[in-house]
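Working notes for the structure below.
Please treat every number below as a calculation from the coordinates, not as lab data. Here the structure is a predicted model, which means the values were calculated and not measured.
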Amino acid sequence: MSKPRATALDRSMSGYHTSWRRVAVVAVLIALGIAWLAVYTNYAMDHALWSKDLGTAEPSNPLPWMAKLKMWNYLIGFGLIFAGLWISADKSTPAGRGRGVVIGMVGCLLVGLVWIVVFYLAGGNGNIPVMNQLGQWNLGLGMALVATAFAFATKWE
């Protein structure tokens, strides 16, 4: 009895089996994280930052439950993105082997470094919307990107 032949979708150039379910989960997690951050910054953030002391009318908000989460929205959004990146570092995804590891590692390392440098240069007083809201948490976000780069580095062969 012969072994069934693997299809082109089942193998990659490196000989590893690609888990398309895992790739789909990665794509969904990263897309959800980006969408969460985009919805919060574009729709709910004005309501979350509104203060009764200003004496102005409260802005209308289509997502009051999201506004109540305030800074937790950043943790949820960036957490989904980082979860997707960490899952993508597995050998059963294209980003977890071969050139994908190097691209993921160097990409996360550079983005983390640039994030920290831009935060220091802008001084928290710049016109960068997400950085203004995060304050000193920008350092934690940059370091989380560097840690994600190390997750890719452990998979490098």
Taking Rh as the Kirkwood radius, which is the inverse of the mean 1/r over Cα pairs, what is the Rg/Rh value for region 58-146?
1.07
Computed over the Cα atoms, what is the radius of gyration of region 106-148 divided by 2.2 N^0.38 Å, N being its residue count?
1.06
Cα centroid separation, region 24-40 to region 105-147 (Å):
19 Å
